[in-house]
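First the structure, in the form of structure tokens, and then the observations on it.
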Amino acid sequence: MMDLIVITRPDFFEGEAKAITMLLDAGIRYVHVRKPGATRAQVANLIKAIPDFYRGRLTLHDHFDLTADLGVWGIHLNSHSLIPPTLDFIRVSRSCHTLEEVKRYKDSCTYVFLSPIFDSISKAGYRSAFSPDTLRDAAISGIIDSKVVALGGVCLDRIRTVRDLGFGGAALLGDVWSHEGQAFAYHLVDLLRESFDPPVVLAVAGSDCSGGAGIQADIKAISALGGYAAAVPTAITVQNTRGVKAVYPCDGEAIVQQFKAVMKDLDVGAIKIGMIPNSDVLDAIIRGSFIHPSVPIVCDPVMLSTSRRRLMPDALMDEVSSRLFPGCALVTPNLDEAARLGHRARTPDEMDKAALDLANEYGTSILLKGGHLRGDTMIDVLCHEGELYRFYAPRIATHNLHGTGCTLSSAIATGLARGETVYDAVAHAKDYVTRSILAGRNLAFGHGNGPLWHFFR
């Protein structure tokens, strides 16, 4: 899916932080904070008014030292930033005005802007130097690709043109701020999603008849994030918000045949695996999924339900970890599951070590979920390709957390199916889950641990 990036107006205006937050809520990938001539304090005040968990999707054009102080992850360089800062940034972008500049800077940046693609909306007389044929030739030769973002004159009616020209993203300025905020942003993101075939994600999990967790939560999350959900149930559970009453495993051969039917016909971009009730089902999953080694697998090793019912015996957990984990792109254990695997963690530093040890032991990436740690801030630790990353989210006071792990792993799988890196897929999924918990925190479905609200618009 092509990225949408918004650049702020050069001036400050009342309600700007709220408007930026609404854009990020709607699905805008990044917001560039560009305030020429503004003081450090002015920019800092704007950023402080934006929720902490969205600051990783902000990019600064000036006052780069605020990245460390306020948790902003991106900086943007231009012709006035001749020497990149010495600080270590997660995301670096740059302005380019010729195809030669794109070739020169693209490899050293996360992405680059090329402008103006069309005659500018916000700058009178700022005309494009590129014809459609020039841009198409640049795409054919590989100069324009997923790391190049179109800027200049990009408006609602030109989003599909930008996609067809081969750009990886579109940056908007004048057309966003000339409309009424959130409704326009949602319309823009929906238009973008409709311009592409949705990524196909295969959810393999237990069925929750109450709809809060399992394969039902998977389908909701995948669909809410613009994916197409296919589903193979591994078990039929009897449960509601108060707990799991019974589990009836599905037939292994039926699972294999469903795998074959889906994989033969649909272009599956990722597989999410959840509840595995017995060895027969594990054998079927391995037979069905491992014949497609190019399709990334996200495994959520469900040992306990939200109501604390044990769903996987110890012997089966050993079998799942030894046979299934090494073939996965990512495994997402919580602290209880990590402890069962021999890696107990009670502090963030112990989580770092446990995630690294698990990744080394099983030869896969690990997202260790720290929701059971005490404190007002929840910490998850990702170990990917030997590097450790921490993700922070506010702890939300609610009992409606039924299906949180299912939702997170399915959201990650949707990102991977869309072509995102493991890190980006986790970051975007974390944002989505936080918003889903917030949206559902006061809803009253059932009389126990209620579900998230996946469609939080």
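The values are calculated or read from the model by the stated rules, or taken from the named source; none is laboratory data. Fair warning: this is a prediction, and the values are worked out from it, not measured in the lab. Virtual Cβ from ideal backbone geometry, glycine too; neighbours counted across all protein chains shown. Side chains are part of the model used for accessible areas, which takes the heavy atoms of the whole protein and leaves out ligands, DNA and RNA. Shrake-Rupley method; radii C 1.70, N 1.55, O 1.52, S 1.80 Å.
Structure data summary
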{"quantity": "Any chance R435 is closer than 24 Å to I219 by Cα, among the basic types (K, R) and not in a loop (DSSP other than H, G, I, E, B)", "calculated": "yes"}
{"quantity": "Odd one out for L358, checked against (1) surrounded by 23 or more Cβ atoms within 10 Å (Cβ to Cβ); (2) more than 30 Å from A246 (Cβ to Cβ); (3) modelled with pLDDT of 95 or more; (4) under 20 Å from the mean Cα position of the chain (by Cα)", "calculated": "(4)"}
{"quantity": "Search result, residues across region 130-177 that are in a helix (DSSP H, G or I), of a type outside the set (A, V, I, L, M, F, W, C) and open to solvent by 30 Å² or more (accessible area, probe 1.4 Å)", "calculated": "P132, D133, T134, R136, D137, D157, R158, R160, T161, R163, D164"}
{"quantity": "Filter result (at pLDDT 90 or above and within 30 Å of R418 (Cα to Cα)) within region 296-316", "calculated": "P296, I297, V298, C299, D300, P301"}
{"quantity": "Any pair with Cβ under 9 angstrom, 6 or more apart, that starts in region 36-64 at a residue that is within 14 Å of I7 (Cα to Cα) and acidic (D, E) and ends at one that is part of a helix (DSSP H, G or I) and open to solvent by less than 20 Å² (accessible area, probe 1.4 Å)", "calculated": "D62/V43"}
{"quantity": "Residue check, A417 touching a residue at least 60 places away in the same chain (Cβ under 8 Å), open to solvent by less than 10 Å² (accessible area, probe 1.4 Å) and not β-branched (V, I, T)", "calculated": "no"}
{"quantity": "Test set (1) closer than 23 Å to R340 by Cα; (2) in a helix (DSSP H, G or I); (3) touching a Leu at 6+ places or on another chain (Cβ under 9 Å) - A315 fails condition number", "calculated": "(3)"}
{"quantity": "Evaluation of P233 against (1) open to solvent by 30 Å² or more (accessible area, probe 1.4 Å); (2) at pLDDT below 95 (one fails), failing number", "calculated": "(2)"}
